[in-house]
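First comes the structure, then the notes that go with it.
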Amino acid sequence: MSKIIISPSILSADFANLERDIKCVEDAGADWLHVDVMDGHFVPNITIGVPVVKSIKKVTNLPLDVHLMIENPEKYIEPFAKAGADILTFHYEAVKDIQLIVDLIKSFGIKAGMSIKPKTSPDEILKYLGILDLLLVMTVEPGFGGQSFMEDCAEKIPVIKRHAPENLIIQVDGGINAQTAKICTDYGANSLVAGNYIYKSDNIKSAILSLR
Ligand code: DX5
Ligand code: ZN
């Protein structure tokens, strides 16, 4: 069985103690660190930007899994890549020329991910699976942490899996806990993002273990 990549979302961390909260998931066995970038246009919330990613890079060895919930993501690929992103995931719904943005991301020697919102059908994106390193299936409407998992979104995973090359990382994000993680990994996901479930638990290490 291949390893499940666990990517805690720092959206649920204490931003006044970000270094402490990053170290604590790193020590607890996280594989990546999920960084949610929101612009107040693509989603109705504003979070963090390039300078914060640059600072985070200095205090962790975890790969930075940067989820861009922004309009015109092509404008920000270079700054985020230079700030230290290791995986850059843009939204399918925000981009006209998918090949162009994927090529741009890969030109910085980092992984290219694409995310789909709950209402986007997997059929629309199957043709892009071969050029991506990661496909992120949102299991909530993007914008906020702490929402409830939508199981019908997870049902897209087997469709994607059937058409995906062997090495495509299939990630899920939104409402992930020990129970919903199992649903997603049974469907074929091999990377899990979790914010509230990890950061609001009493024991971060066992929370991460329970997702595997
Ligand atoms: C939502 C973000 C998620 C969020 C997940 O738009 O993309 O990464 O932080 O938080 P939980 O795990 O609490 O649903
Ligand atoms: Zn996210």
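Please give the number of the condition Arg212 fails out of (1) more than 16 Å from ligand 2 (Cβ to nearest atom); (2) in contact (Cβ under 8 Å) with a residue 40 or more places away in the chain; (3) buried (at least 18 other Cβ atoms within 10 Å of the Cβ); (4) closer than 30 Å to Ile131 by Cβ.
All conditions pass for Arg212, except number (3).
Any idea how many residues of region 27-53 are surrounded by 16 or more Cβ atoms within 10 Å (Cβ to Cβ) and either of a type outside the set (A, V, I, L, M) or within 14 Å of ligand 1 (Cβ to nearest atom) (or both)?
Qualifying residue count, region 27-53: 15.
Evaluate the following for Lys96: is it touching a strand residue (DSSP E or B) at 6+ places or on another chain (Cβ under 6 Å) and among the charged types (D, E, K, R)? First the steps, then the outcome.
On the way: touching a strand residue (DSSP E or B) at 6+ places or on another chain (Cβ under 6 Å): no; among the charged types (D, E, K, R): yes.
No: the conditions fail for Lys96.
Out of region 97-135, which residues are surrounded by 15 or more Cβ atoms within 10 Å (Cβ to Cβ), within 16 Å of ligand 1 (Cβ to nearest atom) and either among the aromatic types (Phe, Trp, Tyr) or outside any strand (DSSP E or B) (or both)?
Matches in region 97-135: Lys117, Pro118, Thr120.
Among (1) farther than 25 Å from Ile77 by Cβ; (2) of a type in the set (Ser, Thr, Tyr); (3) in contact (Cβ under 8 Å) with a residue 24 or more places away in the chain; (4) away from ligand 2 (no atom under 16 Å from the Cβ), which single condition is Tyr199 missing?
Against the list (1) farther than 25 Å from Ile77 by Cβ; (2) of a type in the set (Ser, Thr, Tyr); (3) in contact (Cβ under 8 Å) with a residue 24 or more places away in the chain; (4) away from ligand 2 (no atom under 16 Å from the Cβ), Tyr199 comes up short only on (4).
Output the residues belonging to region 56-80 that are of a type in the set (D, E, K, R), out of contact with any Phe, Trp or Tyr (no Cβ under 6 Å at 6 or more places or on another chain) and more than 21 Å from Ile22 (Cα to Cα). Outline the logic, then answer.
Taking region 56-80 as the starting set, the residues that turn out to be of a type in the set (D, E, K, R) are 57-58, 65, 71, 74-75, 78.
Checking the rest, the ones that are also out of contact with any Phe, Trp or Tyr (no Cβ under 6 Å at 6 or more places or on another chain) come to 57-58, 74-75, 78.
Scanning region 56-80 gives Glu74, Lys75, Glu78.
Readers should treat all values here as calculations from the given coordinates under stated rules, not as data from a laboratory. A quick note: this is a predicted structure, and the numbers were derived from the prediction, not measured. So basically every Cβ, Gly included, is an ideal-geometry build from the backbone, and we count neighbours across all protein chains shown.
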